[in-house]
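To keep things clear, I will list the structure first and then write my remarks on it.
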Amino acid sequence: MVNFILASQSPRRKSLLEWAEIKFEIIVSDIDESYPNSLPIQQVPEFIAKNKALAVAEIIAKQGNAQNENCIIAADTVVVLANEIIGKPADRAAAIASIKKLAGKTHQVITGVCLIHNSGMDCFSEVTDVYFHSLTNDQIAYYVDNYKPYDKAGAYAIQEWIGVVGIEKIDGDFYNVMGLPVSKVIQKIKQLGLL
């Protein structure tokens, strides 16, 4: 029996794993989410996900549960526009500025995933293209004021009002934009013989 551990406090990642009917516990570790400036942007989420997974593996090792078969699932999501990472906004003005940048354009959402299990470590990324409609200043302010997307990369969540009203289409995995390419995660876990 494998113990699945989600190394994230994201309510969206928690929901996605629950929808997949995977039994898991949550263990998180505060890590420094910085990365080397020389790292290509496409590799940033995988780099951070790996650090999250390793930090949780260390916590588990200290607890002395290493004899159990564990599988740690860690993820990190970035929003990329024209080779620039649009991070989590610090405040209302930053959230509005981020959405204004994305409006009327296509950006990429990249989620890096790292699995640590008894046989080793597997890391991979998933990329989804998101096409935004043009948005008015009123629409952007309405979204930020009502949904307060301050904990979200790119200052938006596709499953909220802005996704319904503001997104023309996506090319790729919808759930990847929510923060976890859950189908790919399940396939990888099955390939590893853990499920």
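In the set Ala53, Ala74, Ala93, Ala97, which member is part of a helix (DSSP H, G or I), in contact with a Cys (Cβ under 6 Å, 6 or more places away or on another chain) and among the small types (Gly, Ala, Ser)?
Ala53 is the lone residue from the list that is part of a helix (DSSP H, G or I), in contact with a Cys (Cβ under 6 Å, 6 or more places away or on another chain) and among the small types (Gly, Ala, Ser).
Hey, could you check the stretch 100-135 for residues that are of a type in the set (D, E, K, R) and in a helix (DSSP H, G or I) and say which is surrounded by the fewest Cβ atoms within 10 Å (Cβ to Cβ)? Looking at residues that are of a type in the set (D, E, K, R) and in a helix (DSSP H, G or I), I get Lys100. Every condition in (1) small (Gly, Ala, Ser); (2) closer than 18 Å to Asp151 by Cβ; (3) buried (at least 18 other Cβ atoms within 10 Å of the Cβ); (4) modelled with pLDDT of 95 or more is met by Ala97 except one, and the failing one is (3). Selection over the stretch 77-86 of residues that are closer than 23 Å to Ile26 by Cβ and either assigned to a loop (DSSP other than H, G, I, E, B) or among the hydrophobic types (A, V, I, L, M, F, W, C) (or both) gives a count of 1. Screening the stretch 20-33 for residues that are farther than 21 Å from Asn68 by Cα and surrounded by 10 or more Cβ atoms within 10 Å (Cβ to Cβ) and picking the one that is modelled with the highest pLDDT gives Ala20.
So, in the stretch 157-167, of the ones that are touching a residue at least 60 places away in the same chain (Cβ under 8 Å) and not in a helix (DSSP H, G or I), which residue ends up farthest from Val113 (Cα to Cα)?
Within the stretch 157-167, the subset touching a residue at least 60 places away in the same chain (Cβ under 8 Å) is 157, 159, 162, 166.
Filter again for not in a helix (DSSP H, G or I), leaving 157, 159.
Working: Ala157: 19, Gln159: 21 Å.
Across the stretch 157-167, the extreme among qualifying residues is Gln159.
Answer with yes or no whether Val144 is of a type in the set (A, V, I, L, M), modelled with pLDDT of 95 or more, exposed (fewer than 13 other Cβ atoms within 10 Å of the Cβ) and in a helix (DSSP H, G or I). It would help to see each step written out before you state the result.
On the way: of a type in the set (A, V, I, L, M): yes; modelled with pLDDT of 95 or more: yes; exposed (fewer than 13 other Cβ atoms within 10 Å of the Cβ): no; in a helix (DSSP H, G or I): yes.
Against the criterion (of a type in the set (A, V, I, L, M), modelled with pLDDT of 95 or more, exposed (fewer than 13 other Cβ atoms within 10 Å of the Cβ) and in a helix (DSSP H, G or I)), Val144 does not qualify.
Return yes when Glu58 is more than 21 Å from Val127 (Cβ to Cβ), surrounded by fewer than 15 Cβ atoms within 10 Å (Cβ to Cβ), at pLDDT 95 or above and more than 15 Å from the chain's Cα centre (by Cα) and no when it is not. Steps first, answer last, please.
Details: more than 21 Å from Val127 (Cβ to Cβ): yes; surrounded by fewer than 15 Cβ atoms within 10 Å (Cβ to Cβ): yes; at pLDDT 95 or above: no; more than 15 Å from the chain's Cα centre (by Cα): yes.
Against the criterion (more than 21 Å from Val127 (Cβ to Cβ), surrounded by fewer than 15 Cβ atoms within 10 Å (Cβ to Cβ), at pLDDT 95 or above and more than 15 Å from the chain's Cα centre (by Cα)), Glu58 does not qualify.
Pairs linking a residue in the stretch 168-189 that is under 14 Å from Gln108 (Cα atoms) and modelled with pLDDT of 95 or more to a residue that is surrounded by fewer than 20 Cβ atoms within 10 Å (Cβ to Cβ) and of a type in the set (Val, Ile, Thr), with Cβ atoms under 7 Å and 6 or more positions apart or on different chains, are Gly172/Val127; Val177/Ile170. Applying the set (1) in contact with a helix residue (DSSP H, G or I) (Cβ under 7 Å, 6 or more places away or on another chain); (2) polar (S, T, N, Q); (3) surrounded by fewer than 16 Cβ atoms within 10 Å (Cβ to Cβ) to Asn70 leaves exactly one unmet item: (3).
The values are calculated or read from the model by the stated rules, or taken from the named source; none is laboratory data. The structure displayed is predicted, hence computed values, not measured ones. Cβ atoms come from the backbone with ideal geometry, glycine included; neighbour counts cover every protein chain shown.
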